[in-house]
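The values are calculated or read from the model by the stated rules, or taken from the named source; none is laboratory data. For clarity, every value in this text was computed on a predicted model and none was experimentally measured. Glycine gets a Cβ as well: all are built from the backbone with ideal geometry, and neighbour counts include every protein chain shown. Note: areas computed on protein heavy atoms with side chains; ligands, DNA, RNA excluded. Shrake-Rupley method; radii C 1.70, N 1.55, O 1.52, S 1.80 Å.
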Amino acid sequence: MIPKALSLFLLFEYTVYATSVDAYALGKNLYFEHGCSNCHGTNAEGSSYYPRLAHQKQDYLIQKLNAFKKGIAMTQKQEIMFTFVKPLDQKDFKNLSIYLSKLKKDTSKKYDIEEDLLGVDF
Ligand code: HEC
């Protein structure tokens with residue numbers, strides 16, 4: 001029989017593991033459901049116009065998303081983000097940031113979205 005302390009420990013470890021796996025999956029769903037991938041890329045690799053989100057620090061991402069939610073932008077270009085954070089809450093920010101911070105940087109420079117898709121002038 002497994003000693004009680006060990007089984008509690010295993011249960012705890014499993015809970016921690018399951019929580020982070022769930023957050024990653026939820027974050028990934030949010031990323032595609034809310035169209036983030038349309039601008040930031042399917043691997044969050046970014047482009048010359050849109051910033052890379054993959055492998056950014058979790059705290060940094062949450063801080064940025066919160067600022068957008070409050071209507072704070074450093075540049076006019078960033079104001080486009082106000083619309084996209086509107087339907088999201090703190091839990092979504094957390095899940096998104098867990099997903100994005102765990103993504104590896106894509107260094108292939110292959111941005112697979114047409115940059116002029118949104119009529120942005122370069
Ligand atoms: C229509 C295009 C578009 C969509 C869709 C979009 N973004 Fe953005 N995002 C931008 C632009 C433009 C900026 C600001 C770029 C700059 O500061 O030069 C930005 C900035 C950000 C930043 C700050 C990054 C940094 O390093 O400053 C984060 C985080 C972010 N977006 C997350 C998201 C998330 C999460 C979603 C989906 C819910 C999303 N974006 C959807 C265009 C978009």
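Counting helices only, and only those DSSP H runs with n ≥ 4, report the 222 nm mean residue ellipticity of the chain as the sum of -39,500 (n - 2.57) divided by its residues, in deg cm²/dmol to the nearest 500.
The helix contribution divided over the chain gives -17000 deg cm²/dmol.
Modelled label-to-label distance, Asp89 and Lys70, 7 Å Cα→beta-carbon offset: nm?
Taking the simple label geometry, Asp89 and Lys70 are separated by 2.0 nm.
With charges only on Cβ, +1 for K and R and -1 for D and E, what is the dipole size of region 23-107 about its Cα centre, in debye, rounded to 20?
200
Would you work out what percent of the accessible area of region 23-107, with all protein chains in place, is carbon or sulfur (probe 1.4 Å)?
C and S fraction of accessible area: 55 percent.
Just the accessible area per residue of the chain, please: how many Å² with a 1.4 Å probe?
I get 72 Å² per residue for this part.
Residue separation times 0.36 nm, minus the C-alpha to C-alpha distance between Leu10 and Gln78: what's the value?
Between Leu10 and Gln78, full extension yields 20.0 nm more.
Suppose R0 equals 30 Å; then what is the FRET efficiency for Gln63 and Lys102 from their Cβ-Cβ distance, rounded to the nearest 0.05?
0.95
What Kirkwood radius, in Å to one decimal, follows from the Cα pairs of the chain?
Hydrodynamic radius (Kirkwood, Cα only) of the chain equals 15.9 Å.
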